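These notes concern the structure reproduced below.
Read the figures in this text as sums done on the coordinates, not as results from a lab. As the structure is a prediction and not an experimental result, all values here were calculated from the model. Methodologically, a virtual Cβ is constructed for each residue, glycine included, from the backbone with ideal geometry; neighbour enumeration extends over all protein chains shown.
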Amino acid sequence: MADHSSFASTEQCVTKHLHLIFHVDFNSQVIRGIASLTVESQQDHLRTLVLDTKDLKIQKVAVNGQTTKFALGESHSFKGTPLEITLPFELTRGQDVIVEVSYETSPKASALQWLAPELTAGKKHPYLFSQCQATHCRTIVPCQDTPSAKLTYYAQVSVPKELVALMSAVQDGGAPDPADSSRKIYRFRQNIPIPSYLIALVVGALESRKIGPRTMVWSEKEHVDEAAYEFAETEAMLKIAEDLAGHYVWGQYDLLVLPPSFPYGGMENPCLTFVTPTLLAGDRSLSNVIAHEISHSWTGNLVTNKTWEHFWLNEGHTVYLERRIGGRLFSEQFRHFQALGGWKELQNSIATFGATNPVTNLIPDLKGVDPDSAYSSVPYEKGFALLFYLEQLLGGPDVFMGFVKAYIHRFAYKSVVTDDWKTFLYTYFQDKVDVLDKVDWNAWMHTPGMPPVKPEYDMTMSNACISLSQRWSKATESDLGAFCAADIEALSSHQHIEFLALLLLEEPLPVTHVKRMQEVYSFNGVKNSEIRFRWLRLCIRSKWEQAITLALKMATEQGRMKFTRPLFRDLYNFEKARDQAVAMYLERRPFMHPVTAMLVGQDLKVVTAQ
Ligand code: BES
Ligand code: ZN
């Protein structure tokens, strides 16, 4: 079983534990590190081992204290550079050694964004955060950067003493740095084995507030109160998740609100979920992202995809749990409403990639494909749709949850592929094999485009969105006067999102329509990022010139890729906005997150000078 995204071979040896010493240097934008890996040989006569690195300067390698030979191989565009270490002695199967690598990261490390004080909320102190998923851990730690290997880690991080360091682990004290009185050392322990992509670090002027028995929110002080309000449901969600999936094993569940350039909605770093500030809607309406990241504590962080081809195991099950939590907090109708929204999202994604594009397979082939470029809603929503379909086929939510819980229990602390999941499904439902055999597995898993069957959805909450969106898409100019503010007053913000999402699946509205929509619904003034995002896309697609400035502003003032990439793409496809979009991208690029900068650059067909 090869991992096409890594040079490391877990067939020869596996890393069991990692001890990290980090010195974070904001002046030169590098981390100086010593990584000590406890490596266990999986075979006799092991003489060499290969670690993943990317843009790392390797200074020295020692094995059990003995300096040893190493060589960097040929560089690959997204996989980086293999580090081949020659062991000073042969290892036998089961034998452990400590491989100590001294190194320095590059200022362009793709896992890191270094923010100057001006780009922070407080404007006084610099800020650093990491995002390792999927294949960026190798830019900060030389390691077996594959989710098929799981390790515990301890870390000590030296930072300027006015700043706070946090990691995806339990905090284990802090002390002045004995080597430098202007600095402080923070210590961390992660005693549960995790894949490398869950290693995370943040350094900044961070403050915290306790919002539950095991939860603190962390952010710059400017956002702490807002965040405490927005995420107040966290403990209730954790309790529901435990009831559904089993004991929460990670101890602490903290939340960190990052600066606006954080490229994702949320990232399930163990003990410390990272989230985008675009969740701060003021009304808790975007808390499904928290339910989602909480759910990863079981699906993803306990049961982990063995390679990125099986990413749907992480995300599909997590979306399933996320929606079960929403169902309990609100209603079963709400769960169905979210599920149908997901189906529309899948349609949208497949329309963007093309229905024959192999990356729209539930299990894509990632040989030679950068997981960041293949990233889409497909593993989330095709994965969810499969589970929701199976739930209906096999006896309903309670019966199916029995399976999901047993699956988690069976594979906790392990890494799995789809066949492990499927074999377990057939074992669990051994009295329903005839039903399972009716599933068109090949169409679901290995065929691009929409799934072969559509599950059934309760339409109670969706109908209002559908009928209003149809009124707009069928309206002629003379009908426009009939629309009024009251059309949307009785709808929730989730329904506003869905209404706009439905219009985005249709042919663009005439510009007269979007102008009228602004008159009656005033969407230009809405802060909720999910509504604003879809509204501005709708305007740009209708070629409303006045919306160009607003769309460019949203695309650059925050950097969540889910918003920034489609906004830039739509602007690029609007001839009146194209040059401005490209110019704005080039101007902002030095301040963008490295992964966002790379992907938006590809979207805008900007050729990068090497
Ligand atoms: N683990 C993902 C984010 C991710 C995936 C980062 C792949 C890098 C590579 C996270 O759990 C996630 O799915 N976030 C979503 C949340 C949404 C589905 C509720 C997001 O960022 O929008
Ligand atoms: Zn996720």
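A compact table of results
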item: Flag for residue 514 being in a loop (DSSP other than H, G, I, E, B) and farther than 27 Å from residue 265 by Cα; result: no
item: Exclusive hit being hydrophobic (A, V, I, L, M, F, W, C), in contact (Cβ under 8 Å) with a residue 60 or more places away in the chain and more than 30 Å from residue 496 (Cβ to Cβ), set 340, 313, 329; result: 313
item: Residue under evaluation residue 230, criteria (1) within 15 Å of residue 129 (Cα to Cα); (2) within 16 Å of ligand 1 (Cβ to nearest atom); (3) crowded, with 22+ Cβ neighbours inside 10 Å; (4) not hydroxyl-bearing (Ser, Thr, Tyr), criterion not met; result: (1)
item: Unique residue being surrounded by fewer than 24 Cβ atoms within 10 Å (Cβ to Cβ) and within 13 Å of ligand 2 (Cβ to nearest atom) when the list is 389, 375; result: 375
item: Residue within region 369-384 that is farther than 18 Å from residue 240 by Cβ, basic (Lys, Arg) and either part of a helix (DSSP H, G or I) or touching a residue at least 24 places away in the same chain (Cβ under 8 Å) (or both) present; result: yes
item: Unmet requirement for residue 504, which otherwise passes all of (1) touching a residue at least 60 places away in the same chain (Cβ under 8 Å); (2) surrounded by fewer than 17 Cβ atoms within 10 Å (Cβ to Cβ); result: (2)
item: Every residue from region 396-422 that is more than 22 Å from residue 301 (Cβ to Cβ) and without any contact (Cβ under 8 Å) to a residue 12 or more places away in the chain; result: 396, 398, 399
item: Residue match in region 396-404 (condition: surrounded by 16 or more Cβ atoms within 10 Å (Cβ to Cβ), among the aromatic types (Phe, Trp, Tyr) and closer than 21 Å to residue 264 by Cα); result: no
item: Filter result for the condition that a residue is farther than 18 Å from residue 309 by Cβ, free of Cβ contacts under 8 Å to residues at least 12 places away in the same chain and hydrophobic (A, V, I, L, M, F, W, C), over 453, 433, 439; result: 433
item: Residues being crowded, with 17+ Cβ neighbours inside 10 Å, charged (D, E, K, R) and part of a loop (DSSP other than H, G, I, E, B) - total across region 1-42; result: 1
item: Qualifying positions in region 543-573 - outside any helix (DSSP H, G or I) and either among the hydroxyl-bearing types (Ser, Thr, Tyr) or more than 17 Å from the chain's Cα centre (by Cα) (or both); result: 543, 544, 545, 546, 573
item: Residues satisfying the stated conditions in region 236-282, i.e. among the small types (Gly, Ala, Ser) and more than 13 Å from ligand 1 (Cβ to nearest atom); result: 236, 241, 245, 246, 251, 261, 281, 282
item: Count of region 51-92 residues which are of a type in the set (S, T, N, Q), under 18 Å from residue 137 (Cβ atoms) and loosely packed, with under 14 Cβ neighbours inside 10 Å; result: 2
item: Any chance residue 602 is over 21 Å from residue 266 (Cβ atoms) and within 20 Å of the chain's Cα centre (by Cα); result: yes
item: Flag for residue 340 being closer than 22 Å to residue 493 by Cα, surrounded by fewer than 23 Cβ atoms within 10 Å (Cβ to Cβ) and within 15 Å of ligand 1 (Cβ to nearest atom); result: no
item: Number of the exception - residue 366 against (1) within 14 Å of ligand 2 (Cβ to nearest atom); (2) touching a Phe, Trp or Tyr at 6+ places or on another chain (Cβ under 8 Å); (3) of a type outside the set (D, E, K, R); (4) not in a helix (DSSP H, G or I); result: (1)
item: Qualifying positions in region 323-337 - away from ligand 1 (no atom under 12 Å from the Cβ) and either in a helix (DSSP H, G or I) or not hydrophobic (A, V, I, L, M, F, W, C) (or both); result: 324, 327, 328, 329, 331, 332, 333, 334, 335, 336, 337
